[in-house]
1. Looking only at the stretch 291-303, decide whether some residue is touching a strand residue (DSSP E or B) at 6+ places or on another chain (Cβ under 8 Å), more than 21 Å from Thr204 (Cα to Cα) and open to solvent by 10 Å² or more (accessible area, probe 1.4 Å).
2. Just wondering, is there one or more residues in the stretch 280-300 that are within 12 Å of the ligand (Cβ to nearest atom) and among the β-branched types (Val, Ile, Thr)?
3. Tell me, which residue of the stretch 147-167 that is outside any helix (DSSP H, G or I) and under 14 Å from the mean Cα position of the chain (by Cα) is surrounded by the most Cβ atoms within 10 Å (Cβ to Cβ)?
4. Looking only at the stretch 336-352, which residues are assigned to a loop (DSSP other than H, G, I, E, B), touching a strand residue (DSSP E or B) at 6+ places or on another chain (Cβ under 6 Å) and of a type outside the set (S, T, N, Q)?
5. Quick check: anything in the stretch 41-62 within 30 Å of the chain's Cα centre (by Cα), modelled with pLDDT of 95 or more, outside the structural domain of Asp198 (by TED's automatic domain parsing) and aromatic (Phe, Trp, Tyr)?
6. Which numbered condition in (1) away from the ligand (no atom under 16 Å from the Cβ); (2) not assigned by TED's automatic domain parsing to the domain that holds Glu187 is the only one that Val149 fails?
7. Given the conditions (1) at negative phi; (2) at pLDDT 95 or above, report the number of the one that Gly31 does not fulfil.
8. For the stretch 184-256, list the helices (runs of 4 or more DSSP H) that sit wholly inside it and hold at least 3 residues that are at pLDDT below 95; which are they?
Amino acid sequence: MKDVNVGICGLGTVGGGTFNVLERNAKLIAGRAGCRIQVSRVASRRHRSDIQLGNIPFSTDIYDVVQDPDVDVVVELIGGYDAARELVLAAIAEGKHVVTANKAMIAVHGNEIFEAAKEKNVIVAYEAGVAGGIPIIKSIREGLAANRVNWLAGIINGTGNYILTEMRAGRDFEEVLKEAQDLGYAEADPTFDVEGVDAAHKLTIMASAAFGVPLQFERAYTEGIGSLTPYDISHAEALGYRVKHLGIARAREEGLELRVHPTLVPVNHMIAKVDGVLNAIVVDGDAVGQTMYTGPGAGDEATASAVIADIIDVARSVSCGSNQRVPYLGFDTDSIVDHQILPMDEIRSAYYLRIQAYDRPGVLAKVASILSEHGINIESIMQKESELHDGRIPVIILTHTVQERQINQAIAQMESLPDVEGKVVRIRAENFV
Ligand code: HSE
């Protein structure tokens, strides 16, 4: 059985973790892979003095890895969209297998990359791109392969979850974000975490593997956590809900919902209890029901755990000579169907609304009548006398599930009432039934 040679491109947080774990657990990993896995070349823009490369050749040109005839597997850990795409396509053209942690590249260029890989009969593995150390791609593509997936919903950005958790304890947004960056959780551009782009990358990938649709990142609705206030977070709690930043994909007859946004979830649902940098994905399958996968969604060795699992998969295939054990998106290419991604107006959700109203007789009746006009049923309503300031008082309403178009129309009508001040705050809510 031949050794498998790995070339690592990128020695940042995940690259360093991968190198260290491969070295520390070399014997155990060899036992699992059925062959020795050796790092035979490393390339990175910067050398890291804290990583002992020994005799392993190091260069600053990542293409040295791709062009090295001894490298069997290129591990792409440079991140970003275009440079990574070019590197991976070059590796595929050289007939090399690829392991990547790059969700941005897969979500945006994955269709092209998988096509190229299929032609060259090489593996492109991307477990580490989604939810850090959680083997969610393996779970969807293999463990749940018998199921028609109804929906999946996940906390898929560790930085965002860390920030929301700390905000619940009253801490300041900027301070917590800085802490997440120092811990190596955040993206190179932390706006990707805060604005939901990173979560949308991951949701796009999971949805394709779960529903057998092409990758369609550009059609995912993306809303971040930047406008959430401690006020709404604590009032949601008073109603029995916790605010989580979720990626949700749901199959409906009309098409597929694909959306990332802050969401109220029932406090007693298992996903509400997932705090800090932890990620969690709930998958609802027709045979199995709801299953949840949780664990560290970011961090050096946690993500390395997924990178190395993919390297081991590749090594098993290389050494036993059967490439591509599992199709790239878990479906045979001929079975991938281009379902319509629904516009946000057509998604269905429950809603938390906060209306800043003047404290006058009849205001509640007007708000309730607008909701009723649009066929929106109220689940709970809350108004506290203690929150009356300058003649204005917040009215908080939780609705039953409706179409987003209905709530948008109702909100527009409420905002035009002389009794309502400013914009109505709206956060989507899910009961997971
Ligand atoms: N920035 C990402 C996160 C890293 O916070 O989840 C893992 O993809």
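1. yes
2. Checked the stretch 280-300: no residue is within 12 Å of the ligand (Cβ to nearest atom) and among the β-branched types (Val, Ile, Thr).
3. Keep residues of the stretch 147-167 that are outside any helix (DSSP H, G or I), which gives 147-157.
If we keep only those that are under 14 Å from the mean Cα position of the chain (by Cα) as well, we get 152-157.
Numbers: Leu152: 29, Ala153: 26, Gly154: 31, Ile155: 27, Ile156: 31, Asn157: 37.
This residue is Asn157.
4. Across the stretch 336-352, the qualifying residues are His339, Leu342, Ile347.
5. Scanning the stretch 41-62 turns up no residue that is within 30 Å of the chain's Cα centre (by Cα), modelled with pLDDT of 95 or more, outside the structural domain of Asp198 (by TED's automatic domain parsing) and aromatic (Phe, Trp, Tyr).
6. Val149 satisfies every listed condition except (2).
7. Tallying (1) at negative phi; (2) at pLDDT 95 or above, Gly31 fails exactly one: (2).
8. Answer list for the stretch 184-256: 230-238.
The values are calculated or read from the model by the stated rules, or taken from the named source; none is laboratory data. In this text, all values refer to a predicted model and were calculated from it rather than measured experimentally. Here the Cβ is made from the backbone with ideal geometry for all residues, glycine too, and neighbour counts use every protein chain on show. What goes into the accessible areas is simple: the full protein's heavy atoms, side chains included, and nothing from ligands, DNA or RNA. Shrake-Rupley method; radii C 1.70, N 1.55, O 1.52, S 1.80 Å.
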